[in-house]
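See below for the structure under consideration.
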Amino acid sequence: MNGTLSYPDVTQLAVPFFIAAILAELLWIALKNRGGRYETRDAVTSLIMGAGSVAEGLLLGLAAWGGLMLLWRITPLDMGTSLWAVLVCFVLDDLRYYWVHRLGHRVRWVWASHVNHHSSQHYNLTTALRQTWTGTFTFMMVVKAPMVLLGFHPALVLFCGGLNLIYQFWIHTEAIGRLPRWFEAVMNTPSHHRAHHGRNARYLDCNYAGVFIIWDRIFGTFVPEQDHDRPDFGLVHNIASFNPLRVAFHEWAGLFKDIAQPGLSWKQRLLYAFAPPGYSHDGSRSTSAGIKADHLARHPEDAGTPGFDS
Amino acid sequence: MPLELLLALVAGGIAAIAAILHLSGRSERAVLTAETARAAWLRHCPGDSIRNVRPAADGQAALIAAQSGAGLVWAFGAATVARHLSGAEVSPSPNGLRFDFNDFSAPGLSLTLTAAERKHWQALIAAARAAA
């Protein structure tokens, strides 16, 4: 196969669908008076973050593309472009997404980029578009390298990544409750992803799946949404700004401010960058593990229930 | 998709959605009462023991005295946010008080308070800081 294979940029092609679906969800909420809520500035901020993320991809994505093409030239493997190759690539890319997403919640350097997606206190289809402007700086693109070395063309890998993102759009809604059991068992759904966006102690660090929820079930991070403990959307420490620049960069600003504190050892500076979010050298903050432990101290009856079973 | 078309779609889509949301009344801010301010603080700071809640007359914010220290909870669109006041600079402004949190994720906040409220809030904040 030559190096000029190309697939459509599906995320750009999906823009009219995104707009139509948002309007449809809004109409549904207005007519039914349930199924979520919208707020003007919150929604506009999310949409601007989405547009900025596409722009960032166009501006900075070339470097990553160059790197992947370099790997493509040196790999002796070629899986081709058959339907089977596309399906296998899609599943492997979803596995890649699971681990990158998990790192995005467990390593502050990556969380600094991903945090903005969780920074809305609302959960609707615009929240899906509240995407990072700084993904390139996490260097998580390297996790795509094994797929290219396995013989999947970079264009195919990026195509599958785009399809994955489009799948995840529709699950950012409160308008859909639960879907048939077989579907909830295999696929990521609005219910599973609402739990992922919950700031409740129970839901911290769960349900990292993109398309297939089976990864969470396999790797022990699945927590089902609980009717008696509805997800409270947003961050543990919610941001107080609709300014897209603050949304995009607030955690980076906090990270570098922490690193630059006087009197820290080099190990402490590194931990501020790469330890789980909430790390502090003096114990003045809490990681998700600490927040769960504090919750169980106040609510021992929750021990052993989903999200508190380890 | 041609870049010009993509830009037009994005700009037009954002403008249309913003207009529909605003015209359908979805720009209204939360209004805090003593009860909702208490709940909002506990949402931010679970397990804290609240000693006193003092909402501003216009309902846009409330001063909190809690075991964890003095704090402010305020309307953020239809939702709320909260911050402790330790490390914050609180200064008088023409219409009330100005709060600077020294926090990139929470830019300064100017609250409208009556003269009597401002005086009372300043006294409460000073007392909370003295007790800390």
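A few notes on this one:
- Here A:49, A:79 are placed in order of increasing Cβ neighbour count within 10 Å, fewest first, which gives A:79, A:49.
- Rough spin-label spacing in nm, given labels placed 7 Å along Cα→Cβ, for residue B:4 and residue A:30: 3.2 nm
- Rounded to the nearest 20 debye, dipole of chain A from Cβ charges on Lys, Arg, Asp, Glu: 360 debye
- Among A:135, A:198, A:151, residue whose mean-square fluctuation peaks in a GNM of chain A (springs only between Cα atoms under 10 Å): A:151
- For residue A:269 and residue B:122, a Förster radius of 35 Å and the Cβ-Cβ distance give a FRET efficiency of 0.35, rounded to the nearest 0.05.
- Spacing of the two label points (7 Å from each Cα toward its C-beta) at residue A:280 and residue A:88, in nm: 5.0 nm
- Extension gain, residue A:143 to residue A:37, is 34.6 nm, computed as 0.36 nm per intervening residue step minus the present C-alpha separation.
- As a proxy for reagent exposure, ranking B:98, A:34 by other Cβ atoms within 10 Å from fewest up yields A:34, B:98.
- Options A:297, A:243, A:263, ranked by Cα towards positive dipole end of the stretch A:166-300, top entry (Cβ charges): A:263
- Think of each Lys and Arg Cβ as +1 and each Asp and Glu Cβ as -1; about the Cα centre, that makes the dipole of the stretch A:47-196 roughly 320 debye.
- Relative contact order [Cα under 8 Å, 6+ residues apart], chain A, whole percent: 22 percent
- FRET efficiency, residue A:60 to residue B:95 (Cβ-Cβ, R0 45 Å, nearest 0.05): 0.55
- Per residue, the average separation of C-alpha pairs within less than 8 Å and at least 6 apart gives the stretch A:70-155 a relative contact order of 52 percent.
- In terms of other Cβ atoms within 10 Å, A:29, A:218, A:22 run from fewest to most in the order A:218, A:29, A:22.
- A Förster radius of 51 Å combined with the Cβ-Cβ distance from residue A:9 to residue B:54 puts the calculated FRET efficiency at roughly 0.45.
- Among A:100, A:74, A:60 the positive-end extreme of the charge dipole of the stretch A:56-142 (Cβ point charges): A:100
- The stretch B:1-84, relative contact order in percent, only Cα pairs under 8 angstrom and at least six apart counted: 26 percent
None of the figures in this text is laboratory data; all of them are computed from the coordinates on show. Everything numeric in this text was worked out from a predicted model, so none of it was measured. Counting neighbours? That spans all protein chains shown, and the Cβs are built from the backbone with ideal geometry, glycine included.
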